[in-house]
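Novice: Take a look at this one; I'll ask things after.
Values in this text are rule-based calculations from the coordinates and carry no lab data. Given the structure is predicted, the values throughout are model-derived calculations rather than measurements. Because the Cβ atoms are built from the backbone with ideal geometry, glycine has one as well, and the counts that use them run over all protein chains shown.
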Protein chains: 2
Amino acid sequence: MTGTAATIGGVAAGRTPYPQAARQLLRETLFAAARDELQRRAWSQITMADVASAAGVSRQTLYNEFGSRDEFAQAFVIHEGERFMDGVDAAVRAHFDDPRAAVEAALEAFLRAAGEDPLVRIVISDDGTGGMLPFVTTQGMPVVQWATARLTATIEEGWPQAPPEKARLLAEALVRLAISHITAPGEAPEVTAAATSELLGPFIDEALGTAPR
Amino acid sequence: MTGTAATIGGVAAGRTPYPQAARQLLRETLFAAARDELQRRAWSQITMADVASAAGVSRQTLYNEFGSRDEFAQAFVIHEGERFMDGVDAAVRAHFDDPRAAVEAALEAFLRAAGEDPLVRIVISDDGTGGMLPFVTTQGMPVVQWATARLTATIEEGWPQAPPEKARLLAEALVRLAISHITAPGEAPEVTAAATSELLGPFIDEALGTAPR
DNA sequence: TTCTTTACAAGATGAGCTACTTTGTCAAAT
DNA sequence: ATTTGACAAAGTAGCTCATCTTGTAAAGAA
């Protein structure tokens, strides 16, 4: 995201320039197409041509936007992550007055939503080569870094007095624990969320301050 | 582990009865054989017959001890974990007077040892079906639970006044974070360990008490 | 422009087949 | 308790050929 541009090529601020908007629309369409296809077959069974045609776009356009199959898969995983991060964001914002409750609500929302999502289940249970699981585990750093950055931003927005480094620390730990609990679930979401909130509570109090903004 | 038995079938306490000892020896030998084989081929290329013969044992004996190939792999992963948990234990014990330092040293020891271990590297980089990676990630609960139990025991030994539930909470989080940082490494071990220690520090102070035993 | 179409080489994958191997379980022998 | 030999069922390996897919490039259309 390039933030809110002032003026680009004479375009008024606030309105998204056409090229960006078109590109965004293209990506969204391609992701939606891939999502549809994944309801039926596994990722290894879906070709780039399938995705392109399901999106009503030529295969070449797909390759122009994403350099390779893996790159698309990586971007797709992160895009799906957006869906969940929206829920996480909302949960945090609903508790800007109580950081411990914010963490608990956010984690529970994520674990519940992701745990029930059919697409996530497919990705998690798909262990074979060619699946998308590696992008969440062994090659999961892009996802971790992206999710950490987004969560850090939300935390800093709600608790601007918090030291940035501590916000990042908390965010990354939450992201890694969330991924861990999705790939290898132990207790029910609410139990895990409550326990994690209790664990991180003392740090949260110290870093975000017991007093709200 | 059955702890220290009092008297079993007339055998004096303290001495391990032969059957247990033999069984233990058998398992160790089989694990060592598997470890040797894994230096050369991937797990999917190694047959149960390979393991058995490398251990100088019949294939049937292997099947008598471990019901199936997957069961053996699972047990093997945990057995390898023992090696690292020994180091973790030692690191914790060296800092019974300073719980924060204990956590930092333990995590750093683990990340360093596991990160440099050739066997771990193989397991992590092996994404194909038939590998051992699932036993650490998607089917990793047995490992998580075992490691959590062991670490919990060590913590309770060093800080007996700590509430058992809090010790368990801390242990499981450390285990999950450790696995996460092994499968998807971010910073160097010492950085990760220091950051995690800072994150969990406040909880540690509260749960294990600032005052040593 | 930007997207589509068409074409292409290199590599991967699938079908179809056979032969062999491996897994997991027996009962008998040591 | 361990080994041996045997077994069915399932899986894999090798093989061939045809087809498909990936990734890239250039030419054409909106």
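Novice: Please report Rg over Rh for chain A, where both radii come from the alpha carbon positions and Rh follows the Kirkwood definition.
Specialist: Result: Rg/Rh = 1.01.
Novice: How big is D, in µm² s⁻¹, for the protein assembly as shown by Stokes-Einstein at 4 °C and 1.567 mPa s if Rh is the Kirkwood radius over C-alpha pairs?
Specialist: On the way: Rh = 24.0 Å.
Value of D from the Cα-based Kirkwood radius: 54 µm²/s.
Novice: When chain B is modelled as a GNM with alpha-carbon springs shorter than 10 Å, which of B:VAL88, B:VAL103, B:VAL57 fluctuates the most?
Specialist: Looking only at B:VAL88, B:VAL103, B:VAL57, the biggest GNM fluctuation is shown by B:VAL57.
Novice: Okay, moving on. Note the distances from A:THR47 to each other copy's matching label point, with points 7 Å along the Cα-to-beta-carbon direction, in nm, sorted shortest first.
Specialist: 3.7
Novice: Next question, about the same structure. For peptide A:138-151, what's the mean number of Cβ atoms from other chains within 10 Å of each residue's Cβ?
Specialist: Mean shielding count: 2.
Novice: Place a label point 7 angstrom from the Cα of B:ASP98 along the Cα-to-Cβ direction, then list the residues of region B:153-171 whose backbone nitrogen is under 19 Å away.
Specialist: Residues B:155, B:158-159 fall inside that zone.
Novice: Also, I was wondering about something else. Could you list which residues have their amide H under 5 Å from that of A:ASP117, counting only those 5 or more apart in sequence or on another chain, with H placed in the peptide plane?
Specialist: Close amide H contacts, sequence-distant or interchain: none at all.
Novice: Can you show me the helix-derived [θ] at 222 nm for chain A, built from DSSP H runs with n ≥ 4 at -39,500 (n - 2.57) apiece and divided by the number of residues, rounded to the nearest 500. Present the calculation step by step, with values, prior to reporting the outcome.
Specialist: On the way: 9 runs with 146 residues, N = 213.
Calculated from helices alone, the mean residue ellipticity at 222 nm is -23000 deg cm²/dmol.
Novice: Only four residue types carry charge here, +1 at the Cβ of Lys and Arg and -1 at the Cβ of Asp and Glu. Report the dipole size of chain A about the Cα centre in Debye, rounded to the nearest 20.
Specialist: Roughly 720 debye for chain A.
Novice: Can you tell which of A:GLN20, A:GLN45, A:GLN139 shows the greatest fluctuation in a Gaussian network model of chain A with Cα springs below 10 Å?
Specialist: Looking only at A:GLN20, A:GLN45, A:GLN139, the biggest GNM fluctuation is shown by A:GLN20.
Novice: Considering only B:LEU177, B:LEU199, B:LEU119, give the residue with the highest GNM mean-square fluctuation for chain B, with springs between Cα atoms whenever their separation is below 10 Å.
Specialist: In this elastic network of chain B, the residue with the biggest mean-square fluctuation among B:LEU177, B:LEU199, B:LEU119 is B:LEU199.
Novice: Taking +1 at the Cβ of each Lys and Arg and -1 at the Cβ of each Asp and Glu, which of A:LEU119, A:ALA149, A:GLN60 sits farthest along the dipole of chain A towards its positive end, judged by Cα position relative to the Cα centre?
Specialist: Looking along the dipole axis, the top candidate is A:GLN60.
Novice: With charges only on Cβ, +1 for K and R and -1 for D and E, what is the dipole size of the protein assembly as shown about its Cα centre, in debye, rounded to 20?
Specialist: Here the protein assembly as shown has a charge dipole of around 840 debye.
Novice: Run the label-point distances for B:GLU82 please: 7 Å along Cα to Cβ, every other copy, nanometres, shortest first.
Specialist: 5.0
Novice: Please compute the average number of Cβ atoms from other chains found within 10 Å of each residue's Cβ in peptide A:165-176.
Specialist: Numbers: counts 2, 3, 0, 1, 4, 1, 0, 8, 8, 0, 1, 10.
For peptide A:165-176, the averaged partner shielding equals 3.
Novice: If you don't mind, another one. Once the label point is set 7 Å along the Cα-to-beta-carbon vector, what list of distances in nm do you get between B:PRO164 and its counterparts in the other copies?
Specialist: Inter-copy label distances (nm, one decimal, shortest first): 4.6.
Novice: Taking the rotation axis that maps chain B onto chain A, which residue of B brings its Cβ closest to that axis, and at what distance in whole Å?
Specialist: Closest Cβ on chain B to the axis mapping it onto A, in Å: B:PRO202, 2.
Novice: Ignore the peptide's own chain and count Cβ atoms of other chains within 10 Å of each Cβ in A:179-187; give me the average, rounded. Write down the numbers at each step before the final one.
Specialist: Values: counts 5, 11, 1, 1, 11, 13, 2, 6, 1.
The per-residue average across the peptide is 6.
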